[in-house]
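S.K.: Below you'll find the structure I mean.
What follows is calculated from the coordinates using simple rules that are stated; it is not laboratory data. Small disclaimer: the values here were computed from a predicted structure and weren't measured. For neighbour counting, all protein chains shown are included, and Cβ atoms are generated from backbone atoms with ideal geometry for every residue, glycine included.
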Amino acid sequence: MPIRHTHDDAPETAEAFHRLAAAGSAPEHNVLCEELVQAWLPMAHRLAAKFRDRGENLEDLKQVAALGLVKAVERYDPERGAFEPYAVPTITGEVRRHFRDYGWDVRVPRRVQELRSKVRIARREVIDQPGHGGEPSREEIAAKAGLTPEQTREGMEALDTYSALSLDVETTTSGDGFSLADTLGSTEAGYDLVADREAAKAGLKTLSDRERTILYLRFFEDMTQTGIADELGISQMHVSRLITRSCAQVRRHALGAAA
């Protein structure tokens, strides 16, 4: 018979938890665990809904809360009191861990995440003090949170790392169409060309004058192999062999220098 969730003192619910504790690894254990999870799932979903305005998909939060509920059901000892007071912190803790571990666009160490939380809470408490006006100073936040100035600085910097701006966001309000991506630099293709030329210098020095002339005419003057052959009075086949051999020699020297 399916378990209906009414309250912790419902006889069928209490009995199910006692049977689960006594089942151990028996086949009945999985059946009872699934029934209890289904019975308390609405409560887990309500807890997940409290976090719906923090930028995460509600269905994902419900899945996380359900995982926390499974852990609560598995670990609960019915001899220690009612289930709900035990399950609520277990489920909310699982949801908070989800935000801590997966909700950050920019990953920061857990220590910094904890500093951020302390700074955020202390800042709000200072602002809420009667007669306090404006943004609290770093010193006020440090005193309220019990942190050093350096820890407070790290926590305040982390306040802006939970979510990241899209590169498509406009950088001004004038509607000129410039986005954040327009402010980023790009790779200069000319740098690779300079690096390749420098790498080839040593190898070119090992070639004969005629070999360097042939490479110059072919790659800088854009002459055909037939034109180079006529220019130097040799066969086109010989020009082809010299180009292949010279390029291979220059490449070997360049790769050797890089290694």
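S.K.: Per residue of region 94-99, in order, report the coupling 6.51 cos²θ - 1.76 cosθ + 1.60 (Karplus, θ = phi - 60°) as ³J(HN,Hα) in whole Hz, putting x for Gly and Pro.
M.R.: 3J(HN,Hα) across region 94-99, in whole Hz: 5, 5, 5, 5, 4, 5.
S.K.: Could I ask something else about it? Under 8 Å for C-alpha pairs, at least 6 residues apart: give me the relative contact order for region 195-259, rounded to a whole percent.
M.R.: Worked out over region 195-259, it gives 47 percent.
S.K.: When S117, S137 are ordered from fewest to most other Cβ atoms inside 10 Å of their Cβ, what list results?
M.R.: So the ranking, lowest neighbour count to highest, is S137, S117.
S.K.: Separate question: Which cross-chain or sequence-distant (5 or more) residues have an amide H under 5 Å from the amide H of S179, H modelled 1.01 Å from N in plane?
M.R.: Long-range HN contacts for S179: T171.
S.K.: A follow-up question, please. With +1 on each Lys and Arg Cβ and -1 on each Asp and Glu Cβ, how big is the dipole of region 178-259 about its Cα centre, in debye rounded to the nearest 20?
M.R.: Dipole of region 178-259, to the nearest 20 debye: 540 debye.
S.K.: Let me check I've understood the local charge: for A200, count other residues with C-beta under 12 angstrom from its C-beta, Lys and Arg +1, Asp and Glu -1. What total comes out?
M.R.: Value of the local net charge: +4.
S.K.: I've got another one for you. Return the ratio Rg/(2.2 N^0.38 Å) for region 41-98, where Rg is computed over Cα atoms only.
M.R.: My calculation over the Cα atoms of region 41-98 gives 1.09.
S.K.: What list of ³J(HN,Hα) couplings, whole Hz, do you get for region 151-159 from phi and the Karplus terms 6.51, -1.76, 1.60, once you set θ to phi - 60° and write x for glycine and proline?
M.R.: In residue order, the calculated couplings are 5, 5, 4, 4, x, 5, 5, 6, 4 Hz.
S.K.: What's the FRET efficiency of I127 with A49 using the Cβ-Cβ distance as r and R₀ = 35 Å, to the nearest 0.05?
M.R.: E(calc), rounded to 0.05, equals 0.85.
S.K.: Among S117, G131, L147, whose Cα sits farthest toward the positive end of the charge dipole of region 110-164 (+1 at Cβ of Lys/Arg, -1 at Cβ of Asp/Glu, about the Cα centre)?
M.R.: Checking the options against the dipole of region 110-164, the answer is S117.
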